[in-house]
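Take a look at the structure set out below.
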Amino acid sequence: MISVQNLGFTYPGATAPTLTNLGFEIGKGEVYGLLGPSGAGKSTTQKILMGLLAGFSGTARLFGEDVASLGRAIYERIGVSFELPTLYLRLTARENLALFAALYDRPTKKPEEVLAVVDLQDAADQRVETFSKGMKMRLNLCRALLHDPELLFLDEPTTGQDPARARVTRELILRLKGEGKTIFLTTHNMAEADEVCDRVGFLSGGHIPVTGTPANLKRQFGRRYLAVDARDGDAISRHEFSMEGLGANAEFRTLLEADRIASMHTLEASLDDVFIKATGGGATVGEAQ
C-alpha cells in the first residue's frame, strides 16, 4: 500500500535536510506506527505521502503508483485525521460532515452513521464551537471515515481524550484493521503504539534506524532477566535472576520451593525505552523480525 525508498527532503532556507534516505513499506491491512520526537520529520513524511508536499528526492508510492502521478484522485482513496482538527466551528457536526461528503465523487456514508462510530450521535446538531478538544478529534476522525477509504493517515488520534475515550478510539482502529483498512499512524503515545501497531519505525536523523514489531523490539532492547518479588516476613524483597540457566539457579529454586514468591515478571523493555534508545543514541541499527 505504501512504499518509500531513499526519500529525502529539505525545506527552503533550511541548513540541514529533514529527511535523508528514508525507506519503509506498509502492507495492505497493516497498522504501521511512525514514531519519533517532535521535529523528526513525521509530519513531513505524511505530507509527502498525501501529495501535499513536492520537491522531494527518492520515491514515494501509494497503491503501487508514484504519489505525484495520482493527482487529486488520491483523496478519493485516502482518509486523513490531522492532529489539529480542521472543522467549521459555526456549523454543526452533521453540517460539517454533509459539507465534506459533497467534495467526494465516490459514495459516502451518512453523517449519522459515522457519528455513531465515535459515539457523537447525540451531538450531531451541536455547533462544533461548543465541542471539547476530544470531541473535535473524534469528529475529525469521522471526516476521515466518510468515504470509506482504503488507507487512513491518523496523526495523534487520541489527543485530548480521557483514558476511557482513548481506549474506545484504539478499539476502533483495531476494528478498522479487521475490516482490511491500512493505517499509517503517528503518535507520541508509546502505550498506544504498542497496543494497536503491527510494526513501528522510529524516525531519527531523517531516517528510520530501528523498526520491527513492538513485541520483538521490546525483547531486543530489554534485559534477559527475571524480576522476583519474594516475601521476607512482612516485607517484600526484590531479586533479579538471569534467564540463562534459571532452572538450575540455587537461590531462585530456594525461593520457589519455600513458596516465598509473591510475583515475578521478565525485565523486557517498554516501547518508551526503545524510543529513547532509538532516537537518543545507542540504538543498534536494524530490524527486529
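The values are calculated or read from the model by the stated rules, or taken from the named source; none is laboratory data. Fair warning: this is a prediction, and the values are worked out from it, not measured in the lab. Methodologically, a virtual Cβ is constructed for each residue, glycine included, from the backbone with ideal geometry; neighbour enumeration extends over all protein chains shown. Heavy atoms of the whole protein, side chains included, go into the accessibility calculation; ligands, DNA and RNA do not. Shrake-Rupley method; radii C 1.70, N 1.55, O 1.52, S 1.80 Å.
Structure data summary
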{"item": "For the stretch 262-267, 3J(HN,Hα) per residue [Karplus equation, 6.51 cos²θ - 1.76 cosθ + 1.60, θ = phi - 60°, Hz, x = Gly/Pro]", "result": "8, 6, 7, 7, 6, 8"}
{"item": "The stretch 143-216 - share of DSSP beta bridges that are antiparallel (%, nearest 5)", "result": "45"}
{"item": "Under the Karplus curve 6.51 cos²θ - 1.76 cosθ + 1.60, θ = phi - 60°, whole-Hz ³J(HN,Hα) for the stretch 112-125, x wherever Gly or Pro sits", "result": "4, 5, 6, 5, 5, 4, 10, 6, 10, 4, 6, 10, 4, 10"}
{"item": "Restricting the stretch 165-194 to GluC sites (Glu not before Pro) in coil, as DSSP defines it, with at most 11 other Cβ within 10 Å", "result": "179"}
{"item": "Alpha-carbon Rg/Rh ratio, for the stretch 1-106, with Rh computed the Kirkwood way", "result": "1.01"}
{"item": "Percentage relative contact order, the stretch 1-111, counting C-alpha pairs under 8 Å, at least six apart", "result": "24"}
{"item": "Loop sites in the stretch 23-66: trypsin sites (Lys or Arg not before Pro), DSSP, at most 15 other Cβ within 10 Å", "result": "28"}
{"item": "Largest-first ordering by accessible area, 1.4 Å probe, given options 19, 53", "result": "53, 19"}
{"item": "Cα shape, the stretch 160-267, gyration tensor, a/c 1.5 rule", "result": "prolate"}
{"item": "Per-pair calculated FRET efficiency, R0 = 51 Å: residue 268 and residue 84 via Cβ, rounded to 0.05", "result": "0.90"}
{"item": "Ranked order, 272, 125 - accessible area, probe 1.4 Å, largest first", "result": "125, 272"}
{"item": "Contact order normalised by residue count of the chain, Cα under 8 Å, 6+ apart, percent", "result": "21"}
{"item": "Entries in 136/177; 110/136; 47/136; 42/109; 133/277 that, when Cα-Cα distance is taken, lie over 26 Å", "result": "42/109; 133/277"}
{"item": "The chain - convex hull of alpha carbons, volume per residue in Å³", "result": "173"}
{"item": "Low-density loop positions, trypsin sites (Lys or Arg not before Pro), the stretch 62-115 - DSSP coil, at most 12 other Cβ in 10 Å", "result": "90"}
{"item": "Accessible surface ranking that places the most exposed of 86, 15 first, with a 1.4 angstrom probe", "result": "15, 86"}
{"item": "Karplus-derived 3J(HN,Hα), 6.51/-1.76/1.60, for each residue of the stretch 144-156, Hz, glycine and proline x", "result": "5, 9, 3, 9, 6, x, 7, 10, 10, 9, 10, 10, 6"}
{"item": "DSSP bridge pairs, the chain: antiparallel proportion in percent, nearest 5", "result": "60"}
